[in-house]
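> First, the structure itself, so that you have it in front of you.
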Amino acid sequence: MINKHICVGLGIFLLAAAATAALAGPSMSSAWLKITVNQDECVKRSSASMRNASFNTRFEVLGNSSIYGERGDYTALIRCAAEQEIVYFVVAGPTGPQCSKYMNIMRDDF
């Protein structure tokens with residue numbers, strides 16, 4: 001009887017832990033760089049940086065300011081704001097360390 005209670009208790013604990021992990025959602029990593037290039041050059045560099053990092057699925061440039069792409073379970077966005085002299089990088093996905101790795105690759109390639 002005690003074993004049955006332990007198994008039920010362990011099952012409830014594992015379900016609660018899994019639900020908590022599922023509610024945590026995806027991880028995200030972001031960074032920005034100060035730039036001196038114009039908007040068109042920023043979009044050109046950002047597009048190349050994203051493609052070089054293999055974010056080629058659903059790749060698109062939106063409104064000459066946002067570059068979007070996917071790589072497996074990871075999604076990236078690079079936003080050019082040349083008037084404010086910055087470019088902003090964001091990667092979201094299942095694990096924080098991998099998000100940071102991909103974001104750093106794109107930022108360093110810019």
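The values are calculated or read from the model by the stated rules, or taken from the named source; none is laboratory data. Remember, it's a predicted structure, so these values are computed and weren't measured experimentally. Note: ideal-geometry Cβ built from the backbone for every residue, glycine included; neighbour counts use all protein chains shown.
> Can you tell me which of (1) crowded, with 16+ Cβ neighbours inside 10 Å; (2) at pLDDT below 95 is the one residue 75 doesn't meet?
That leaves (2) as the condition not met.
> Which of the residues that make up the stretch 92-106 are within 11 Å of residue 52 (Cα to Cα) and either surrounded by fewer than 14 Cβ atoms within 10 Å (Cβ to Cβ) or not β-branched (Val, Ile, Thr) (or both)?
Those that are within 11 Å of residue 52 (Cα to Cα) and either surrounded by fewer than 14 Cβ atoms within 10 Å (Cβ to Cβ) or not β-branched (Val, Ile, Thr) (or both): 102, 106.
> Please report, ordered by residue number, the strands (runs of 3 or more DSSP E) entirely within the stretch 20-82 with at least 3 residues that are without any contact (Cβ under 8 Å) to a residue 60 or more places away in the chain.
In the stretch 20-82, 57-62, 66-71, 74-81 are the strands (runs of 3 or more DSSP E) which contain 3 or more residues that are without any contact (Cβ under 8 Å) to a residue 60 or more places away in the chain.
> Please determine whether any residue of the stretch 2-23 is at pLDDT 95 or above and of a type in the set (D, E, K, R).
No, the stretch 2-23 contains no residue that is at pLDDT 95 or above and of a type in the set (D, E, K, R).
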